[in-house]
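Asks: First, the structure itself, so that you have it in front of you.
Bear in mind that the values in this text are calculations on the coordinates, not laboratory data. All figures in this text were calculated on a predicted structure; none of them were measured in a lab. Neighbour counts run over all protein chains shown; Cβ positions are idealised from the backbone, glycine included.
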Ligand SMILES: [Zn+2]
């Protein structure tokens, strides 16, 4: 569905993202916030089980991560904010309410700058606030009447941050690019893993198609999208659905719709009439928060160089091309390895070489080993040793590529090359004897060379290299071959 020039309609999208914060403990109690592989209900106390009389205590690290994120997005951090109860009844919510923030959030305003289809974009941020996760229902099949639903409270009270975006996005592709950039920012500041498949980064979308320039239409909230691809597909479906309704002269109903991945459609879950009334009121068990200017300044000092700034610096400092820069800066840890290898005084040439190795060989090995995107298979010291050995002629480029996947954990590549007998051959007598053998075995190449076909030299170099197991230095081989061919 096109959305270009003569189109009567335009799409308006605003995204709400819930990101799990990387704290050790839960939002309002001391239970461990990370519970992967833990037995159900093994990370639960009176507070996160919602027992009457249990009192919540604010997690300082969660507040700091939220402020850090707000600062990364250029938000204002008001000196005063409060927590509110968001009331609703559901079996995975033992208290019958979530402690969230309503009218006075931690962070207000800001924007996310990102690139979409080659053009720079800027989407406003409405607010960023903290809240807590719910438990999880596990449904067990059984004979009719014997089905059971169990509740696991390990996730109950895990710290979340909600990032509410302005309705500034205009296409499904733009929404997907916004999400990728937002996730990258959260990972750079270390606030969240942003892992969508694990539920650490969840997105709801408010979508409305309207007549171009008309006021915002009724908004449809789309939920249940569990991957970047699902978001883009769900928004495309919703765009076409709403356009078709409008094109027939109909109107869009305000409702909540769920994305059904298997069938590729959104289905109505709740209409405006059935919408929750959360009856927000100030949380009586937690005092409001005062955020001092000193605290904000101290957190601002922890901000790393953000992805956009890093990309700009990589372009001006190293002169790398845009695609390479995007790959190198996608993860902060990879960009760090690149910079550590190049060093503070590295030349543009050294940077190009390091970039080339990381983007192609090292990341190829990373993929082959199924490592997470931030974890390269070798560290900066190892990669630097490998590149130095190649630059010094101790390792041929081919031998270096052969060594790379066989470097043991923590081993320096030169040591690995020695162990594997791949270091360049320095013994001139050995190379000379390989030259003699190669000449004897290749009479036709020798004849061709003597007849003036200079290309035959390549074949002779290849024959000699083969006889040294690829360990001779090609320049030395060429020199000795030329010497032998002019002598005899
Ligand atoms: Zn607890």
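Asks: How high is the FRET efficiency between residue 216 and residue 323 when r is their beta carbon distance and R₀ equals 30 Å, given to the nearest 0.05?
Replies: 0.25
Asks: For the stretch 325-366 and the stretch 227-271, compute the distance between their C-alpha centroids and round to whole Å.
Replies: The distance from the Cα centre of the stretch 325-366 to that of the stretch 227-271 comes to 42 Å.
Asks: How large is the helix-only mean residue ellipticity at 222 nm for the chain, computed as the sum of -39500 (n - 2.57) over DSSP H runs with n ≥ 4, divided by its residue count, in deg cm²/dmol to the nearest 500?
Replies: -11000 deg cm²/dmol
Asks: Let me ask something else about it. Output the peptides 152-163, 167-178, 249-260 sorted from most to least packed, where packing is the average of other Cβ atoms within 10 Å over each peptide's residues.
Replies: So the peptides 152-163, 167-178, 249-260, ranked by packing, come out 152-163, 167-178, 249-260.
Asks: Can you classify the stretch 9-298 as rounded, prolate or oblate using the Cα gyration tensor, where a ≥ b ≥ c are the square roots of its eigenvalues, rounded means a/c under 1.5, and otherwise it's prolate if a/b beats b/c and oblate if not?
Replies: It is oblate, given that a/c is not under 1.5 and a/b is not larger than b/c.
Asks: Please state the shape class of the stretch 240-313: rounded when a/c is under 1.5, otherwise prolate if a/b exceeds b/c and oblate if not, all from the C-alpha gyration tensor.
Replies: oblate
Asks: Count the DSSP beta bridges whose two residues both fall in the chain, then state the antiparallel fraction as a percent rounded to the nearest 5.
Replies: If we restrict to bridges inside the chain, about 90 percent are antiparallel.
Asks: Further question on the same structure: Treating the angle as unsigned and between 0 and 90°, give the value, to the nearest 10°, between the Cα long axis of helix 428-441 and the longest Cα principal axis of the chain.
Replies: Its long axis makes an angle of about 80 degrees.
Asks: Could you give the length gained by full extension between residue 61 and residue 24, i.e. 0.36 nm per residue of separation minus their alpha carbon distance, to one decimal place?
Replies: 12.5 nm
Asks: Stretch residue 248-residue 117 to full length: gain in nm at 0.36 nm per residue minus the Cα-Cα span?
Replies: 44.1 nm
Asks: Decide, for the chain, between rounded, prolate and oblate: order the square roots of the alpha carbon gyration tensor eigenvalues as a ≥ b ≥ c, take rounded if a/c falls under 1.5, and otherwise choose prolate if a/b is larger than b/c, else oblate.
Replies: Because a/c hits 1.5 or more and a/b exceeds b/c, the chain counts as prolate.
Asks: Let me ask something additional. Suppose a student asked you for the relative contact order of the chain, using Cα pairs under 8 Å spaced at least 6 residues apart; what percent would you report?
Replies: Relative contact order comes out at 14 percent.
Asks: By how many nm would the segment from residue 381 to residue 263 lengthen if fully extended, with 0.36 nm per residue of separation less the alpha-carbon distance?
Replies: 37.6 nm
Asks: Restricting to Cα pairs below 8 Å that are 6+ residues apart, what does the relative contact order work out to for the stretch 118-267? Please round to a whole percent.
Replies: About 17 percent, as a whole number.
Asks: Highest mean first, what order results for 81-91, 233-243, 452-462 on Cβ atoms within 10 Å?
Replies: Order by mean packing, descending: 233-243, 81-91, 452-462.
Asks: Defining a contact as two alpha carbons under 8 Å apart and six or more residues distant in sequence, what relative contact order in percent does the stretch 9-298 show?
Replies: That works out to 25 percent.
Asks: Additional query: Taking the number of other C-beta atoms within 10 Å as the exposure measure, put 129, 18, 24 in order starting with the fewest.
Replies: If I rank by nearby Cβ atoms, fewest first, I get 24, 18, 129.
Asks: I need 137, 481 ordered by Cβ neighbour count within 10 Å, fewest first.
Replies: 137, 481
Asks: Right, here's the next one. How many angstrom lie between the Cα centre of the stretch 100-145 and the Cα centre of the stretch 57-98?
Replies: The stretch 100-145 and the stretch 57-98 have Cα centres separated by 12 Å.
Asks: Sorted from fewest to most neighbouring beta carbons within 10 Å, what does the list 279, 311, 406 look like?
Replies: 279, 406, 311
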